[in-house]
Amino acid sequence: MLLAKGHHLAYCGNIHRGETWAETFSALTTYTLAVKERVAPAKRFGIGLRLSDRASRELSQGAALADFQRWLERHNCYVFTINGFPFGQFHGLRVKEQVYSPDWTTPERLDYTNRLFDLLAQLLPAGVEGSVSTLPGSFKEFISTPEQEERIFSNIASCAEHVVSVAEKTGRTLHLGLEPEPLGYFETTDETVRFFDRLRERCENREAITKCVGVNYDTCHLAIEYEETREALAKLRKHGIKISKLHLSSALKARPTAAARTGLEAFAEDVYLHQVVARDAGGKLTRYRDLDVALSSQISFEEWRVHFHIPLHCPPSAWFEPTTDHLLGVLDVLAEEPGLCSHLEMETYTWEVLPPELKGRDVVDSLAAEYHWCLGHLRERGLA
């Protein structure tokens, strides 16, 4: 939905199952319209679309795209952003580190992302920017040679050229947001800056990178890295890195007491990767690949931060706190600098694997509660 200062707000469709276009469209008709009715029945409703590679191919064929455009118009909805991080199946089976596959070393990732921009350019309303978010190049463990690194730079540069071409042909403003994530090829702000410096060095058309490639700033991910909001955003801006989209999300933080470890066992599930960044009393950070690995460790730490997206409206419990402070810090900066980024997307894709006490009654209730929470904090800052 369009907010008071020109920002667009949506929830990310990756919370719903949908690997084919038929399944994705079914989720839109079943859940998204129900959320719209609860949140903004009389307003034009923004959609954060999630398309798998298969769904993007099917939407590109025959009359599917024209039919979808008519559906959007009929229901007073519009698409302004697409989540292009998960390439394949994202629910129901083990995903873990395979969410990074195929990564940016491969032509498959490039072709998929280019196709998303082709679709987005046709779906965007006049005067609205379009963004596609994607993985931070790869997973750290996947990259072991300079040749792999060079393929990442080359493919992202090729994607930037494609985005420029599509933008020029259609008159749209389009940009790709690379998403720093714990144990991604780049995960911290400093690593992100170094990556973009190297990307520009290797790209003949540096203007394309500056204009069309930026960062999808996920407030869960940067909080897990113990980053300070203002410092992180200022560093990205200082180095000329565009903020393509803001993912509004929360993680878990806890002192790893016996009670906290017992509570965290309910979050150690088999579908998604739940990286842990632990901090000792001296401030040193130690990273664990997944929550079960951290739980098996007997090393003493002052605090754990766990990559498990929890509902934005989730209150603190007896043993954990959400990383809401980082998210609200981003909204504070946005209130001071409304032009920082126009795309806001709530992303709590873990609904199916949440412990029962965090789920609420159903997914529509949970999404409606996230909208009310988020809109309330935006209104406090004059943004909604």
Turns out the helices (runs of 4 or more DSSP H) fully within region 13-112 with at least 1 residues that are without any contact (Cβ under 8 Å) to a residue 60 or more places away in the chain, in contact with a helix residue (DSSP H, G or I) (Cβ under 7 Å, 6 or more places away or on another chain) and hydroxyl-bearing (Ser, Thr, Tyr) are 21-27
Discussion item. Being open to solvent by less than 10 Å² (accessible area, probe 1.4 Å), more than 23 Å from Gly329 (Cα to Cα) and of a type outside the set (Gly, Ala, Ser): is that true of Val132 here?
Written reply: yes
Over region 3-17, the set of residues farther than 15 Å from His75 by Cβ and in contact with a Lys or Arg (Cβ under 7 Å, 6 or more places away or on another chain) is Cys12, Asn14
- Query: Condition test on Arg230, is it within 23 Å of Leu327 (Cβ to Cβ) and of a type in the set (D, E, K, R)?
  - Reply: yes
All-but-one check, Glu347 against (1) charged (D, E, K, R); (2) surrounded by fewer than 16 Cβ atoms within 10 Å (Cβ to Cβ); (3) under 18 Å from His274 (Cβ atoms), failing number (2)
Reported set for region 165-182 where residues are open to solvent by less than 30 Å² (accessible area, probe 1.4 Å) and in a helix (DSSP H, G or I) is Val166, Ala167
Matching residues in region 113-129 (in contact with a helix residue (DSSP H, G or I) (Cβ under 6 Å, 6 or more places away or on another chain) and open to solvent by 20 Å² or more (accessible area, probe 1.4 Å)) number 2
With the first residue restricted to region 231-257 and required to be farther than 15 Å from Asp332 by Cα and modelled with pLDDT of 95 or more, and the second required to be open to solvent by 40 Å² or more (accessible area, probe 1.4 Å) and among the aromatic types (Phe, Trp, Tyr), Cβ contacts under 6 Å at 6 or more apart or on different chains are Ala254/Trp319
Residues of region 168-201 being out of contact with any helix residue (DSSP H, G or I) (no Cβ under 7 Å at 6 or more places or on another chain) and more than 30 Å from Arg305 (Cα to Cα), in sequence order, are Glu168, Lys169, Gly171, Glu201
Restricting region 26-81 to residues that are closer than 21 Å to Leu3 by Cα and of a type in the set (S, T, N, Q), the one most open to solvent (accessible area, probe 1.4 Å) turns out to be Asn76
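The values are calculated or read from the model by the stated rules, or taken from the named source; none is laboratory data. These numbers come from a predicted model, not from an experiment. Because the Cβ atoms are built from the backbone with ideal geometry, glycine has one as well, and the counts that use them run over all protein chains shown. Accessible surface areas use protein heavy atoms only, side chains included; no ligands, DNA or RNA. Shrake-Rupley method; radii C 1.70, N 1.55, O 1.52, S 1.80 Å.
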